[in-house]
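Asker: Got a structure for you, questions after.
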Amino acid sequence: MEIEPEGSFEAPFEMRSREVDAASGKAVISYLICEPLESAGFINAFSTRTGGVSSLPSDSLNLSLFKGDTKENVQENRRRFLQALGAERHAIVTAHQTHSTKLCRIDSAGQDGLDCDALSTRLSHTLIGVQTADCLPILIADPKTKTAAAIHAGWRGTAGRITERAVASLMQSGLDPRNSIAALGPCACIDCYEIGSHVIDLYKKEFGYWRYLLSKFTDDGKAHLDIQSANIQQLEFCGFDEDRIHVAPHCTMHNNDLFFSYRREGNGQPSKVGRLLSVIGKS
Ligand SMILES: [Zn+2]
């Protein structure tokens with residue numbers, strides 16, 4: 001096996017696996033991190049589905065409190081996840097996500113479960129997170145103002161320009177997009193993300209550049225959405241440098257063994273599918 005010399009390989013994303021304590025001995029938790037965010041002083045991680053205690057279907061690392069899982073399971077899974085990140089002293093703050101375009105600023109770790117789909121914080125010892133299973137998670141950091149943000153962008157939030165709105169709002173309180181870093185995590189890729197006629201119509205209405213976002217039109221009125229490009233467009237519109245926008249190469253539907261996928265597993269029943277968690281906060 002060839003071993004890369006230390007420090008010689010600077011891929012923006014790295015899959016890490018860590019052994020953590022479990023009732024039966026040890027469990028292995030794997031997660032994806034964006035190295036530029038880490039180098040800028042931000043703990044960050046996009047979770048995978050393995051190494052937990054949830055029955056979704058078994059040993060699943062579901063990190064979201066929802067009706068398909070128990071509170072005890074989610075607490076144990078989050079404990080394992082934090083231990084794997086070396087962030088045992090950090091609190092996790094998530095939102096009650098409703099596919100809105102609302103941003104909540106978190107200035108106390110007690111602000112858990114607010115209704116919104118984007119969160120930001122400058123707190124220490126706090127990781128803000130968004131829950132997904134095919135939708136696009138976006139993590140943002142501004143090293144100068146020490147601001148972290150997490151965005152849940154599905155087709156609905158993206159059509160409502162959640163990323164553009166969240167960044168514009170953070171710019172009002174000092175975020176500098178030219179010095180900020182964005183990481184787009186695992187989501188359904190353009191080959192997998194099929195949409196129906198009402199979503200096609202919505203995108204045609206909302207975006208003059210819809211031809212850049214939609215492709216593979218079929219005779220029965222369907223097409224495919226490039227949700228990554230749609231959100232990169234919004235980041236660049238706000239002033240992000242393309243060199244500071246990093247896109248994870250993983251698709252939740254292609255890599256269903258590693259990631260939860262509502263479209264692959266859901267069959268119209270959201271409670272049957274676990275949720276991934278993407279977190280960011282100051283180191
Ligand atoms: Zn795919």
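The values are calculated or read from the model by the stated rules, or taken from the named source; none is laboratory data. These numbers were taken from a predicted model, which means no experiment stands behind them. When we count neighbours, we look across all protein chains shown, and the Cβ atoms used for this are built from the backbone with ideal geometry, even at glycine. With ligands, DNA and RNA removed, areas are computed over all heavy atoms of the protein, side chains included. Shrake-Rupley method; radii C 1.70, N 1.55, O 1.52, S 1.80 Å.
Asker: Rounded to the nearest whole Å², what accessible area per residue is found for segment 35-164 with the 1.4 Å probe? Write down the numbers at each step before the final one.
Answerer: Values: 4810 Å² over 130 residues.
For segment 35-164, the per-residue accessible area is 37 Å².
Asker: Contour minus end-to-end for Lys144 and Asp257, with contour as 0.36 nm per residue of separation and end-to-end as the Cα-Cα distance? Spell out each step's value before the answer.
Answerer: On the way: separation 113, 0.36 × 113 = 40.68 nm, distance 3.77 nm.
Extra length from Lys144 to Asp257 when fully extended: 36.9 nm.
Asker: List every residue whose amide H lies under 5 Å from the amide H of Ala22, counting only residues 5 or more places away in sequence or on a different chain, with H placed 1.01 Å from N in the peptide plane.
Answerer: The list, which skips near neighbours in sequence, is Ala27.
Asker: What is the distance in Å between the Cα centres of segment 176-223 and segment 87-125?
Answerer: 26 Å
Asker: Could you list which residues have their amide H under 5 Å from that of Ala45, counting only those 5 or more apart in sequence or on another chain, with H placed in the peptide plane?
Answerer: Answer set, sorted by chain and number: Val279.
Asker: Please get the size of the charge dipole for segment 109-167, origin at its Cα centre, with Cβ charges of +1 on Lys and Arg and -1 on Asp and Glu, quoted in debye to the nearest 20.
Answerer: Working: 6 positive and 6 negative charges, 51 e Å.
That gives a dipole near 240 debye.
Asker: Here's a follow-up. Find how much the distance from Met171 to Asp112 grows on full extension, using 0.36 nm per residue of separation minus their present alpha carbon separation; answer in nm with one decimal.
Answerer: Values: separation 59, 0.36 × 59 = 21.24 nm, distance 2.36 nm.
In short, 18.9 nm is gained.
Asker: A further question follows. Dipole magnitude of the chain about its Cα centre, charges +1 at Lys/Arg Cβ and -1 at Asp/Glu Cβ only, in debye to the nearest 20?
Answerer: Details: 30 positive and 35 negative charges, 183 e Å.
Charge dipole of the chain: 880 debye, to the nearest 20.
Asker: Using the Karplus curve 6.51 cos²θ - 1.76 cosθ + 1.60 with θ = phi - 60°, work out ³J(HN,Hα) for each residue of segment 116-124 in order, rounded to whole Hz, and write x for Gly and Pro.
Answerer: Here the 3J(HN,Hα) series is 5, 10, 9, 10, 9, 7, 10, 5, 8 Hz.
Asker: Roughly how many Å² is the accessible area per residue of segment 195-283, as a whole number, for a 1.4 Å probe? Walk me through the intermediate numbers first.
Answerer: On the way: 4470 Å² over 89 residues.
Accessible surface, normalised per residue, equals 50 Å².
Asker: To continue, here is another question. For the chain, give me the percentage of DSSP beta bridges that are antiparallel, rounded to the nearest 5 percent.
Answerer: Details: 43 of 56 bridges.
Here the antiparallel bridges make up roughly 75 percent for the chain.
Asker: In the neighborhood of Ile200, defined by Cβ-to-Cβ distances under 14 Å, what is the net charge if each Lys or Arg adds +1 and each Asp or Glu adds -1? All intermediate terms of the calculation are to be shown ahead of the outcome.
Answerer: On the way: positive: Arg156, Lys204, Lys205, Arg211, Lys216, Lys222; negative: Glu194, Asp201, Glu206, Asp219, Asp220, Asp226.
Surrounding charge for Ile200 is 0.
Asker: When a/c is below 1.5 the answer is rounded, else prolate if a/b is larger than b/c, else oblate, so apply that to segment 122-272 with a ≥ b ≥ c taken from the square roots of the Cα gyration tensor eigenvalues.
Answerer: Working: a/c = 2.17, a/b = 1.42, b/c = 1.52.
The shape class here is oblate.
Asker: Relative to the present Cα-Cα distance, how much length would full extension add between Phe66 and Lys222 at 0.36 nm per residue of separation? Don't skip to the end; give the middle numbers.
Answerer: On the way: separation 156, 0.36 × 156 = 56.16 nm, distance 3.06 nm.
Length gained, Phe66 through Lys222: 53.1 nm.
Asker: Let me ask something additional. Can you tell me how segment 196-283 classifies by the Cα gyration tensor, rounded, prolate or oblate, using a/c under 1.5 as the rounded cut?
Answerer: Working: a/c = 2.11, a/b = 1.02, b/c = 2.07.
Oblate is the answer for segment 196-283, as a/c is 1.5 or above yet b/c matches or exceeds a/b.
Asker: Shape call for segment 43-87 from the C-alpha gyration tensor, a ≥ b ≥ c root eigenvalues: rounded (a/c under 1.5), prolate (a/b greater than b/c) or oblate? All intermediate terms of the calculation are to be shown ahead of the outcome.
Answerer: Numbers: a/c = 1.98, a/b = 1.67, b/c = 1.18.
Prolate, because a/c is 1.5 or more and a/b exceeds b/c.
Asker: Computed over the Cα atoms of the chain, what is the convex hull's projected area averaged over all directions, in nm²? Present the calculation step by step, with values, prior to reporting the outcome.
Answerer: Values: hull surface 62.8 nm².
The directionally averaged projection comes out at 15.7 nm².
Asker: Note down the net charge around Ala133, summing +1 for each Lys or Arg and -1 for each Asp or Glu among other residues with Cβ under 12 Å from its Cβ. Please list the in-between numbers first.
Answerer: Numbers: positive: Arg49, Arg263, Arg264, Lys272, Arg275; negative: Asp134, Glu265.
Every neighbour counted, the sum reads +3.
Asker: Past the 25 Å Cα-Cα mark, which pairs from Lys71/Lys146; Lys204/Lys272; Lys102/Lys282; Lys102/Lys205; Lys67/Lys102? Walk me through the intermediate numbers first.
Answerer: Working: Lys71/Lys146 32 Å; Lys204/Lys272 32 Å; Lys102/Lys282 22 Å; Lys102/Lys205 21 Å; Lys67/Lys102 23 Å.
Violating the 25 Å Cα-Cα cut-off are Lys71/Lys146; Lys204/Lys272.
Asker: Taking K and R as +1 and D and E as -1, what net charge do the other residues with C-beta under 15 Å from the C-beta of Lys67 add up to?
Answerer: Values: positive: Lys71, Lys272, Arg275; negative: Asp69, Glu72.
Charge balance near Lys67 sits at +1.
Asker: Once segment 1-149 is represented by equal point scatterers at the alpha-carbon sites, with solvent omitted, what log10 I(q)/I(0) does the Debye formula produce at q = 0.15 Å⁻¹?
Answerer: The Cα Debye sum returns log10 ratios of -0.84.
Asker: Follow-up question, since we're still on this one. Using amide H atoms built 1.01 Å from N in the peptide plane, name the residues 5+ places from Tyr193, or on other chains, whose amide H lies under 5 Å from its own.
Answerer: Leu225
Asker: Could you list, by residue number, the cysteines of the chain that have no other cysteine's beta carbon within less than 4.7 Å of their beta carbon?
Answerer: Here Cys34, Cys135, Cys187, Cys192, Cys238 come out as lacking a disulfide-compatible partner, given the Cβ-Cβ threshold of under 4.7 Å.
Asker: Also: When the accessible area of the chain is computed with all protein chains present and a 1.4 Å probe, what percentage of it is carbon and sulfur? Write down the numbers at each step before the final one.
Answerer: Values: 6080 of 12930 Å².
Here carbon and sulfur together make up 47 percent of the probe-accessible area.
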